[in-house]
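A quick write-up on the structure given underneath.
Nothing in this text is a laboratory measurement; each read-out follows from the coordinates by a stated rule. Just so it is clear, the model here is predicted, and its values are computed rather than measured. Neighbour counts are summed over all protein chains in view; Cβ atoms, including those assigned to glycine, are modelled from backbone coordinates with ideal geometry.
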Ligand SMILES: [Zn+2]
């Protein structure tokens, strides 16, 4: 072996086993902390910039004005229910009007929800494309990292890191930078759940492979990472399976992973060699708003006959929703 294999969280270098292979990566599991990680652990510097610039979903959101974008984020929230836990926590623990920092805000769907809940959102994002996109929607976003967050910008009273740490090759360094820069500010974090119904049934969301997700967290590895970063109090919460997660997760896994064999945000989608895949993807996003509208109007009542009892059954078996929510201080 040309390099020493070491767990990026607990740092042990002895005991690993292989979970699966995908393209040039092997996904390994650390026998000490249970973290699954891509080997080699990393992607190109330009991966996010390239995929975001060519993303059909981003170009359709890009056409929306600031108010329409806020409306679309609220519809997403109502559909996914994923942000509920974070927003409820903010309302209960953070004074109205406080600054809430969204680290790795991505396309910024949380920013309108933080704003609507009565707080002042500020995003941090490394992709220039996304920062320009969000600034056009009239949000305040810092282009860069926590380390170079401008000293003259307002200090946050809460920090959110939503669905970010599964993308980061050095998660302990990333979390430690947040803790060192804002040592007394509570952190709300979410990441794909190790207890999720999808993970347990082997129906992983189609984005859950490298180069998009580099890490799949276990409960123990989450605690070790946050403790190593300097957090003392760590609470994990696992919500029940949500009926609205079942159809989108299952159909995206079936189409992208099983039929096409790709990760939907992978660079392959935007390259010429895979233009067939890109065409299907673009087509899906062209009709996405219509599909969402149809789903909201008609499908819930039809599908819920199946998905609601299925969600109850899976929850009764001890499985949980797609994301785990963590509060660390
Ligand atoms: Zn480990």
Rounded to the nearest 0.05, what FRET efficiency is calculated for residue 12 and residue 50 with R0 set to 35 Å and r the Cβ-Cβ distance?
0.55
With an 8 Å Cα cut-off and a minimum separation of 6 or more residues, compute the relative contact order for segment 27-157 in percent.
21 percent
What length, rounded to one decimal in nm, is gained on full extension from residue 5 through to residue 93, with 0.36 nm per residue of separation minus their alpha-carbon distance?
27.6 nm
If we sort 177-184, 231-238, 207-214 on the protection proxy, mean other Cβ atoms within 10 Å, highest first, what's the order?
207-214, 177-184, 231-238
For residue 258 and residue 26 in one chain, what is 0.36 nm times their gap in residues minus the Cα-Cα distance, to one decimal in nm?
81.7 nm
In nm, the gap between the two label points placed 7 Å beyond Cα toward Cβ at residue 200 and residue 128 is 4.6 nm
Starting from the 7 Å offset along Cα-to-Cβ, what nm value, one decimal, do you get for the label separation of residue 67 and residue 251?
3.1 nm
If I model a spin label as a point 7 Å beyond the Cα along the Cα-Cβ vector, how far apart are those points for residue 138 and residue 170 in nm?
3.9 nm
